[in-house]
């Protein structure tokens, strides 16, 4: 009798559409390698739905608040349903960007300098000298991220308006020039390193992440061997310091600009990275010899409680 896997997707966060893409791709791949799959669009009745289904494993394909911050993980622990990805504490910690930075910095991982302030404070005057970055404390997929360029006279006024829907606190960080890198961890192994280049625009924003042809992925990244290895070391150290399990993905900046610092800085760790066939983690896994079906099978077999 094949394992029954409930693929949790959708939800109510700002990343709902992305989650549906991840979930449907993973569900199809799991079916192709022999699992019995139920697709679950997560709503307020999720506890009752899962109690009725009683799957052998919950494959968590949710993104953003409620799916990535320890909430669904806690529910699955209570229902005693083994699940994929990171557990309650690691999920909650990694989702809160500032607290995650405290833990990573203590483990020797370089992170951007910055501070958390009320959004009204960030809208009144520059919290840091430009250039700097403003981002929600607990969102993913570059949702709500604003880059304040050098020479800008006023901070972003959207922060004080009703259009801002990403919480009262924002994280203001020093802008790190250079190249955008990412590296996934699978179990206790760092995979290959990708350099991400936006096909248009200036940075890897939501459009560059998810629009067809929005970005160019260079795998393996064209880096000196010692730098490439250091990126892998930082991704694995961050994963372990935060207590992550299963698959995670660290996003970094490498300042190799003329006259730059040469620093490698970890921006954040994603405990629920995108999982479509064209997403970064499946691409890195394929480079390591894992097809998409093999990757999701590994994740299901790795699922457990007490993560």
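Quick check on my filter: what residues within segment 126-184 are free of Cβ contacts under 8 Å to residues at least 40 places away in the same chain, outside any loop (DSSP other than H, G, I, E, B) and out of contact with any strand residue (DSSP E or B) (no Cβ under 7 Å at 6 or more places or on another chain)?
Passing the criteria: 157, 158.
Return yes when residue 165 is at pLDDT below 90 and loosely packed, with under 14 Cβ neighbours inside 10 Å and no when it is not.
So residue 165 fits the description; yes.
Which of the following residues is closer than 27 Å to residue 107 by Cα, assigned by TED's automatic domain parsing to the domain that holds residue 184 and out of contact with any helix residue (DSSP H, G or I) (no Cβ under 9 Å at 6 or more places or on another chain): 238, 263?
Being closer than 27 Å to residue 107 by Cα, assigned by TED's automatic domain parsing to the domain that holds residue 184 and out of contact with any helix residue (DSSP H, G or I) (no Cβ under 9 Å at 6 or more places or on another chain) holds for just one of 238, 263, which is 263.
Please work out if residue 8 is crowded, with 21+ Cβ neighbours inside 10 Å, part of a strand (DSSP E or B) and over 16 Å from the mean Cα position of the chain (by Cα).
yes
Tell me which residues, restricted to segment 33-60, are surrounded by fewer than 16 Cβ atoms within 10 Å (Cβ to Cβ), touching a helix residue (DSSP H, G or I) at 6+ places or on another chain (Cβ under 7 Å) and assigned to a loop (DSSP other than H, G, I, E, B).
33
Could you tell me whether any residue of segment 15-32 is assigned to a loop (DSSP other than H, G, I, E, B) and touching a helix residue (DSSP H, G or I) at 6+ places or on another chain (Cβ under 8 Å)?
no
Looking at 260, 289, 293, can you tell me which residue is without any contact (Cβ under 8 Å) to a residue 24 or more places away in the chain, surrounded by fewer than 24 Cβ atoms within 10 Å (Cβ to Cβ) and more than 19 Å from the chain's Cα centre (by Cα)?
The match here is 289.
Can you tell me which of (1) modelled with pLDDT under 95; (2) in contact with a strand residue (DSSP E or B) (Cβ under 7 Å, 6 or more places away or on another chain); (3) crowded, with 17+ Cβ neighbours inside 10 Å is the one residue 2 doesn't meet?
Only one criterion is unmet by residue 2, namely (3).
The values are calculated or read from the model by the stated rules, or taken from the named source; none is laboratory data. Not measured: the values here are computed from a predicted model. Positions of Cβ are backbone-derived with ideal geometry, glycine not excepted, and every protein chain shown enters the neighbour counts.
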